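Engineer: Take this structure first; my questions come after.
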Amino acid sequence: MTNTSSRMTCILAVCLVIANFSSASAEEIYSNTTGGGAWSEGATWLGGKVPGPDDDVVISKDDVIDFDRDDDGKTSCRNLALDPRALLQFKMNSGRIVMTVNGLIDNYGYIRMDASKSSKDHHELRLVAEDPEQRMLKTSQGGGLIVAGRGGLSKSRRNAVLISQPPVEEVPAGSPPVDPTAIVESATGTTLDIQRTNLINIYVQATGIDNTGAKPGERINVLRNHFTGTSRLNATSCDSAIIADNLFERDDPFPVPQPAVYLSASPLLEFRGNTIRGNYPTGVTCYGQNDSTMTNTLVEKCATGVYWYGSGFMIKNLHIRDCPHGLTLTSAAGTVEDVLIEKSQTGYYQNLSIIQMTNLDIRDMQPHPQGYKIYISDDQLTLINSPITPEDITIPPNFEPAPIVEGKPRLPAVQMLYYVVVQVDGQVPPEVAVEFKSANLPEPLPPGAQDPNVRNSPAPVLKNSLTPFPRTLEPLIVRGWHLDADAKPQPAPQYQVNIVGPIIGENGERKILKTLTVTPEPGWYRADANEKKPTLEVTLP
Amino acid sequence: MKRVCANTVGICLFMIVLGLGEASTALAQRRVTFPPAEAPPPPPVKAPDKTEASGEDTGVIPDPGPSQRKTQTRTPPPPTNLTVMYKLEYGETLEYVHTDGTVQTFEQWKSFPNDGYYLMASVNSRLEDGNNYQYATKPLASEGFDPIDIPLLFMAGDYDFTFSPEEVDNLRKFLSEGGTILFNAARGRDEFSQAVVREMRKVFPEKRFMRAPQDHPLFNARYRVPKVMTLVNGIQFQQPPEIYTLDIGTRAAAILAPIGMGAAWSSEPYHPQGKHLVGESAVRLGVNLVSYVLGATEYGRFLAQEFPVYDGRTAPGDVFRFGLLAYNGSWDVNPSLQNSVLQGLSENTGLDVDYAPVAVALDDPELGDYPLVFMTGHYDFQLTGEEADGLKAYLERGGMIVATAAAGLQPFDIGFRRELQKALPEGELIKLPATHPLFLGGWNPIERVEYTPTALRDDPTLEYPEFYGVFLDGRLAVLYTPFDLMSGVNHESNAYAKGVSADDATRIVINAITYALSH
């Protein structure tokens, strides 16, 4: 018993000595406050000791530290803090530079990884802390994170890398792996500029950054990056942010909990040229996202392609492929143009929204009991030049018709407008125009009143014998079929088409040269709206 | 009985006159084919309570009240009410026939009746500068427009109009005295914009509207607005903002927004056949326009002054004479610049000078009489073949040109570089080091330069002279800066000039003159 207890005492004493020794070796090391220097030089640090793997590092105000090491397989430091106006920059033109941080990076200064000057440079920042709360790069007011890889490298190679690489934990077979994500967080009053960078298991969270240029030192640009693993992006209240030409890819069979891109309350945000591909619950979620644009976007193999809630937005050139749910708009008001949705179970879902949609094409639907090509639960959808018929649209039994307001016309739930290009041949005098008029209105229009079914009439016949193409912004547009305010299908109206000569009277009268009657039909859809192909051909005698 | 008859005749005549009056009013009601903007009646507006210059210290000191402890919650002082804008009443009563046959008559000037109100509300909420900006309405034909009281006039509409002679006179006087007018084609109808261009020729026959360049302060006075969301005939897209200005000096005295902002400001529906700026884009541009005008009032007053101009030569013989290049562009944007330059030169160097203003053309044979000439402007320009030849000959014969972009605007920079290349294909415009003798070895050595806040906002690192030169046979023949020198030399209080501060601008110009005279 005595032997056992004295053995235990010895072990405890050894443990205490070891504990004391290890705590004595972990220090908080400050930069020299005289301008900084290279990370690997003792003179750069107060006390002359170069930081080791267990040390916490503080870069002092106005010091500039050049990180000049390749710490691949090693740890550069534990926690890292940058004071305001401190700068940590990865040494340029020095080949492979890797910094490995086993703790929190608390950044009030600037971190600059500029590998854009040389293709031989490789700048990499690794966050390897085991504790997810410590695996974070947090930039606060006045600070900045600038990461730039070099353009024009072969294939998709990027020579700037942000990676989260915590120790691997074993999990039972079939279970989802432990989330390896690290958070890169930037708040109001900071610079977040990430370009041509590989982000691996990095969740970028930007909040309240003003990119209008009105506030010095505040900007957010996320351009030409490759987000892989669990990497994703969240921009909340980031005025005029630019997110462009990024690729988000996730091959892992286990989905991440959030969308690849989450945008919220960021007015005039520009989202363009991005591709999202893989196992994300949603490709792009926009929540309270007003007055912003999404252009040239491809979303593939996500559970939902794009979800948008907001007003005054513009979506243009959106391609959604292999997503069970294609495009969902709720509580939304905006314009959508050139959308192709392929291989979905529900192509387009609209709820509580007023949308104008041009060239919506939904193809290769994947049959599903709860799937619909287009589902409109209420409010209004105006389709322009789209290969859609009333049969493609599902209206639920509890559809809420538009309320009756005295003195206001009841707008249709869904209406189809067609672009019309008329070719006029034969003996065509100068200044000929094409005039569309509704043929069978319940009551004739009073003189001077506008035809509610027609826009941009009369349209001039141009030198190419055609009326203006849609790209001129002044094409002839006529209404086709529609679902009325109670969602009852109504056929397309008939139109009287007058080919008219030049103005001859003071009140704009023109001589009618030829008249015909037409009814819009699905064949009027123009796959290439500006193709030099007429919708109607008329030959004058 | 006769009296009764006379009375009856009088009454009849009066009735006829009345009837004619009504008939003429009815005849004046032009029928239009574009429907009026639908909106509820405007909120009540009233004339300003008192006459007070906007942007000036109002002198309103809140009653301090009883003394308070530091821990007590204090009520902030109330905002100062400032009426800064008149929405103009103009035009005629129009009528429109709705599809159901209803004929609606409406006042042309009202457009969106609430647009002025909402514009001011946006300005107040976005600027948050402690003022409560307000607007009132006023007929343009009435008297009493004074830019010191109300610096901004706002005129909106969708339809053609013409100015009466009184309206032309009022507007000319107002703009010449430093005021600004903002024309907004409420729903982007071209007939309104075309009428603006046509009618403004009556106001300033010699001036033209020019498209404001992207770096114009109209696009960054409060917000940076590089692109705006635009809706044309139902098609939405983004594009750079399209604003036209008619300038006095470099100040935009008349601003034309041909793509409508009224619907967005008033939260009214966009007309499918209109041209609109959409949502936040329109609000930001509107706030910028008002901010610009508020920030340009001092500069407007400077330009409205009468400057002394000497008719003939003020000094005989071999004295320094100021020559300013006249070309087909905005060459005369700094009023009486010669007085400031020559006074600075005379006082600091003792050189004898002649204060007579001289505008000299590049193809003028007298150009050779001037060893150095100045050139400035704020818009792009093109030299004729004769002008380009004249410039080349002048420089090769030993002349020197000092050129500077007025207000630091890019169009002049683009035009100057291009036209110089055309005149001197072999001459290369190279950046001068800050150690060039012109800066360090001149009359007053200059190491660092103080730039204006507007220039520093674009580039906070500016601290050295940013000058370019063309050397011919080793001699500096062209000295050019894309920043504004002359508004500094002229003490123009132009808040939006991207240039060099007054003192440093004067030192540089004097150095350039002494350098030219000594080389």
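Engineer: Tell me whether the stretch A:390-402 contains one or more residues that are of a type in the set (Val, Ile, Thr), under 35 Å from the mean Cα position of the chain (by Cα) and within 14 Å of another protein chain (Cβ to nearest Cβ).
Structural biologist: Initially, the stretch A:390-402 is screened for residues of a type in the set (Val, Ile, Thr), giving A:393-395.
Retained after the next criterion (residues that are under 35 Å from the mean Cα position of the chain (by Cα)): A:393-395.
This time we only want the ones that are within 14 Å of another protein chain (Cβ to nearest Cβ), so: none.
The answer is no, given that none of the residues of the stretch A:390-402 is of a type in the set (Val, Ile, Thr), under 35 Å from the mean Cα position of the chain (by Cα) and within 14 Å of another protein chain (Cβ to nearest Cβ).
Engineer: Restricting to the stretch A:130-163, give me the number of residues that are free of Cβ contacts under 8 Å to residues at least 40 places away in the same chain and either buried (at least 21 other Cβ atoms within 10 Å of the Cβ) or at positive phi (or both).
Structural biologist: 4
Engineer: Those residues that are away from every other protein chain (no Cβ under 12 Å) and under 13 Å from B:Pro241 (Cβ atoms), I need them from the stretch B:281-295; list them, please. Quick ask: steps written out before the conclusion?
Structural biologist: Going through the stretch B:281-295, the residues away from every other protein chain (no Cβ under 12 Å) turn out to be B:286, B:289-290, B:292-295.
Within the stretch B:281-295, B:Gly286, B:Leu289, B:Tyr292 meet the criteria.
Engineer: Among (1) at pLDDT 95 or above; (2) more than 14 Å from chain B (Cβ to nearest Cβ), there is one condition A:Thr191 misses while meeting the rest; what is its number?
Structural biologist: (2)
Engineer: Before we move on, is A:Glu124 touching a residue at least 12 places away in the same chain (Cβ under 8 Å), part of a loop (DSSP other than H, G, I, E, B) and not basic (Lys, Arg)?
Structural biologist: On the way: touching a residue at least 12 places away in the same chain (Cβ under 8 Å): yes; part of a loop (DSSP other than H, G, I, E, B): no; not basic (Lys, Arg): yes.
No, not satisfied.
Engineer: Tell me, yes or no, whether the stretch B:267-279 has at least one residue that is in contact with an Asp or Glu (Cβ under 8 Å, 6 or more places away or on another chain), charged (D, E, K, R), within 14 Å of chain A (Cβ to nearest Cβ) and in a helix (DSSP H, G or I).
Structural biologist: Among the residues of the stretch B:267-279, not one is in contact with an Asp or Glu (Cβ under 8 Å, 6 or more places away or on another chain), charged (D, E, K, R), within 14 Å of chain A (Cβ to nearest Cβ) and in a helix (DSSP H, G or I), which makes the answer no.
Engineer: Please count how many residues of the stretch A:268-322 are farther than 27 Å from B:Ala282 by Cα, touching a Ser or Thr at 6+ places or on another chain (Cβ under 7 Å) and of a type in the set (Lys, Arg).
Structural biologist: 0
Engineer: Now, a different point. Out of the stretch A:459-475, which residues are among the basic types (Lys, Arg) and either more than 12 Å from every other protein chain (Cβ to nearest Cβ) or crowded, with 22+ Cβ neighbours inside 10 Å (or both)? Break it down stepwise before answering.
Structural biologist: As a first pass, look at the stretch A:459-475 and keep what is among the basic types (Lys, Arg): A:463, A:471.
The one that is among the basic types (Lys, Arg) and either more than 12 Å from every other protein chain (Cβ to nearest Cβ) or crowded, with 22+ Cβ neighbours inside 10 Å (or both): A:Lys463.
Engineer: Say we look at the stretch B:204-243 and pick out the residues that are of a type in the set (Asp, Glu) and within 14 Å of another protein chain (Cβ to nearest Cβ); which of these is nearest to B:Pro258 (Cα to Cα)? Reasoning before the result, please.
Structural biologist: To start, the set of residues in the stretch B:204-243 that are of a type in the set (Asp, Glu) comprises B:206, B:215, B:242.
This time we only want the ones that are within 14 Å of another protein chain (Cβ to nearest Cβ), so: B:215, B:242.
Numbers: B:Asp215: 19, B:Glu242: 7 Å.
Filtering first and then ranking leaves B:Glu242.
Engineer: Search the stretch A:436-453 for residues that are within 10 Å of another protein chain (Cβ to nearest Cβ) and pair each with any residue that is among the hydroxyl-bearing types (Ser, Thr, Tyr) and surrounded by fewer than 14 Cβ atoms within 10 Å (Cβ to Cβ) when their beta-carbon atoms are under 8 Å apart and the residues are at least 6 apart or on different chains.
Structural biologist: Close Cβ pairs satisfying both conditions: A:Gly448/B:Thr33; A:Gln450/B:Thr33.
Engineer: If I go through the stretch A:299-326 residue by residue, how many of them are in a strand (DSSP E or B), in contact with an Asp or Glu (Cβ under 6 Å, 6 or more places away or on another chain) and away from chain B (no Cβ under 14 Å)? Steps first, please.
Structural biologist: So in the stretch A:299-326, the residues in a strand (DSSP E or B) come out as A:299-300, A:304-309, A:311-321, A:325-326.
Subset that is in contact with an Asp or Glu (Cβ under 6 Å, 6 or more places away or on another chain): A:300, A:312, A:316-317, A:321.
Then keep just the ones that are away from chain B (no Cβ under 14 Å); that gives A:300, A:321.
Number satisfying all stated conditions: 2.
Engineer: Would you mind stating whether B:Gln214 is surrounded by fewer than 21 Cβ atoms within 10 Å (Cβ to Cβ) and part of a helix (DSSP H, G or I)?
Structural biologist: So B:Gln214 fails the test.
One line per residue, one yes/no per condition, for (1) in a strand (DSSP E or B); (2) surrounded by 14 or more Cβ atoms within 10 Å (Cβ to Cβ); (3) at positive phi:
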| site | (1), (2), (3) |
| --- | --- |
| A:Ile477 | yes, yes, no |
| A:Trp481 | yes, yes, no |
| A:Asn498 | yes, yes, no |
| A:Ala527 | no, no, no |
| A:Glu531 | no, no, no |
| A:Pro534 | no, yes, no |
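Engineer: Looking at the stretch A:327-376 only, could you name the residues that are buried (at least 17 other Cβ atoms within 10 Å of the Cβ) and in a loop (DSSP other than H, G, I, E, B)?
Structural biologist: Within the stretch A:327-376, A:Ala332, A:Lys343, A:Ser344, A:Gln345, A:Ser353, A:Met365, A:Tyr372, A:Lys373 meet the criteria.
Engineer: Next question, about the same structure. Determine, yes or no, whether B:Glu143 is within 14 Å of chain A (Cβ to nearest Cβ), surrounded by fewer than 23 Cβ atoms within 10 Å (Cβ to Cβ), without any contact (Cβ under 8 Å) to a residue 60 or more places away in the chain and more than 30 Å from A:Ile315 (Cβ to Cβ).
Structural biologist: Numbers: within 14 Å of chain A (Cβ to nearest Cβ): no; surrounded by fewer than 23 Cβ atoms within 10 Å (Cβ to Cβ): yes; without any contact (Cβ under 8 Å) to a residue 60 or more places away in the chain: yes; more than 30 Å from A:Ile315 (Cβ to Cβ): yes.
No: the conditions fail for B:Glu143.
Residue by residue, here is whether (1) part of a helix (DSSP H, G or I); (2) modelled with pLDDT under 90; (3) away from every other protein chain (no Cβ under 14 Å); (4) surrounded by 19 or more Cβ atoms within 10 Å (Cβ to Cβ) holds:
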| site | (1), (2), (3), (4) |
| --- | --- |
| B:Thr75 | no, yes, yes, no |
| B:Met85 | no, no, yes, yes |
| B:Leu88 | no, no, yes, yes |
| B:Leu94 | no, no, no, yes |
| B:Asp100 | no, yes, no, no |
| B:Lys110 | no, no, yes, yes |
| B:Leu119 | yes, no, yes, yes |
| B:Arg126 | yes, no, no, no |
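Engineer: Restricting to the stretch A:412-435, count the residues that are within 11 Å of chain B (Cβ to nearest Cβ) and either free of Cβ contacts under 8 Å to residues at least 40 places away in the same chain or assigned to a loop (DSSP other than H, G, I, E, B) (or both).
Structural biologist: 0
Engineer: Looking at (1) free of Cβ contacts under 8 Å to residues at least 12 places away in the same chain; (2) over 26 Å from the mean Cα position of the chain (by Cα), which is the one condition that is false for B:Leu391?
Structural biologist: If we test B:Leu391 against (1) free of Cβ contacts under 8 Å to residues at least 12 places away in the same chain; (2) over 26 Å from the mean Cα position of the chain (by Cα), just (1) comes out false.
Engineer: OK, next. With the stretch B:399-465 as the region, which helices (runs of 4 or more DSSP H) entirely inside it contain at least 3 residues that are surrounded by 21 or more Cβ atoms within 10 Å (Cβ to Cβ)? Don't jump to the end; show me each part of the working.
Structural biologist: Details: elements: B:410-423, B:437-440, B:453-458.
Counting at least 3 such residues, we get B:410-423.
Engineer: Okay, moving on. Just to check your reading of the model, which residue among B:Leu294, B:Leu325, B:Leu391, B:Leu345 is in contact with a helix residue (DSSP H, G or I) (Cβ under 6 Å, 6 or more places away or on another chain) and either over 19 Å from B:Thr506 (Cα atoms) or assigned to a strand (DSSP E or B) (or both)?
Structural biologist: Values: B:Leu294 fails: in contact with a helix residue (DSSP H, G or I) (Cβ under 6 Å, 6 or more places away or on another chain); B:Leu325 fails: in contact with a helix residue (DSSP H, G or I) (Cβ under 6 Å, 6 or more places away or on another chain); B:Leu345 fails: either over 19 Å from B:Thr506 (Cα atoms) or assigned to a strand (DSSP E or B) (or both).
Going through B:Leu294, B:Leu325, B:Leu391, B:Leu345 in turn, just one is in contact with a helix residue (DSSP H, G or I) (Cβ under 6 Å, 6 or more places away or on another chain) and either over 19 Å from B:Thr506 (Cα atoms) or assigned to a strand (DSSP E or B) (or both): B:Leu391.
Engineer: Same structure, new question: Quick check on this structure: which one of A:Pro267, A:Pro259 is in contact with a helix residue (DSSP H, G or I) (Cβ under 6 Å, 6 or more places away or on another chain) and within 29 Å of A:Gln380 (Cα to Cα)?
Structural biologist: Selected residue: A:Pro267, the only one of A:Pro267, A:Pro259 that is in contact with a helix residue (DSSP H, G or I) (Cβ under 6 Å, 6 or more places away or on another chain) and within 29 Å of A:Gln380 (Cα to Cα).
Engineer: Next question. Could you list all residues from the stretch A:454-473 that are in contact (Cβ under 8 Å) with a residue 60 or more places away in the chain, under 26 Å from A:Pro491 (Cα atoms) and not in a loop (DSSP other than H, G, I, E, B)?
Structural biologist: Of the residues in the stretch A:454-473, the ones in contact (Cβ under 8 Å) with a residue 60 or more places away in the chain are A:464, A:466, A:469-470.
Still in the running and under 26 Å from A:Pro491 (Cα atoms): A:469-470.
The answer is A:Pro470, and nothing else.
Engineer: Checking the conditions here, which among B:Ala221, B:Ala257 is over 30 Å from A:Asn453 (Cα atoms) and in contact (Cβ under 8 Å) with a residue 60 or more places away in the chain? Even if it seems obvious, please write down each step before you answer.
Structural biologist: Working: B:Ala257 fails: over 30 Å from A:Asn453 (Cα atoms).
Only one candidate qualifies: B:Ala221.
Engineer: Can you name every residue in the stretch A:185-204 that is in a strand (DSSP E or B) and not β-branched (Val, Ile, Thr)? Show your work before the answer.
Structural biologist: Our first condition is that a residue be in a strand (DSSP E or B); within the stretch A:185-204, this holds for A:185-186, A:191-195, A:198-200, A:202-204.
Within the stretch A:185-204, A:Glu185, A:Ser186, A:Leu192, A:Asp193, A:Gln195, A:Asn198, A:Leu199, A:Tyr203 meet the criteria.
Engineer: Next up: For the stretch B:347-365, which positions are over 16 Å from B:His491 (Cβ atoms) and not aliphatic (A, V, I, L, M)?
Structural biologist: Of all residues in the stretch B:347-365, those over 16 Å from B:His491 (Cβ atoms) come to B:349-365.
Selection gives B:Thr349, B:Gly350, B:Asp352, B:Asp354, B:Tyr355, B:Pro357, B:Asp363, B:Asp364, B:Pro365.
Engineer: A follow-up question, please. Look at the stretch A:431-447 and say how many of its residues are surrounded by 12 or more Cβ atoms within 10 Å (Cβ to Cβ) and more than 24 Å from B:Val103 (Cβ to Cβ). So that I can check it myself, show each step before the final result.
Structural biologist: Residues of the stretch A:431-447 surrounded by 12 or more Cβ atoms within 10 Å (Cβ to Cβ): A:431-439, A:441, A:445-446.
Of the ones still in play, those that are also more than 24 Å from B:Val103 (Cβ to Cβ) are A:431-434, A:436, A:439.
Number satisfying all stated conditions: 6.
The values are calculated or read from the model by the stated rules, or taken from the named source; none is laboratory data. Note that the coordinates shown come from a computational prediction; the quantities given were computed from them, not determined experimentally. Cβ sites come from the backbone with ideal geometry, for glycine too, and all protein chains shown count toward neighbours.
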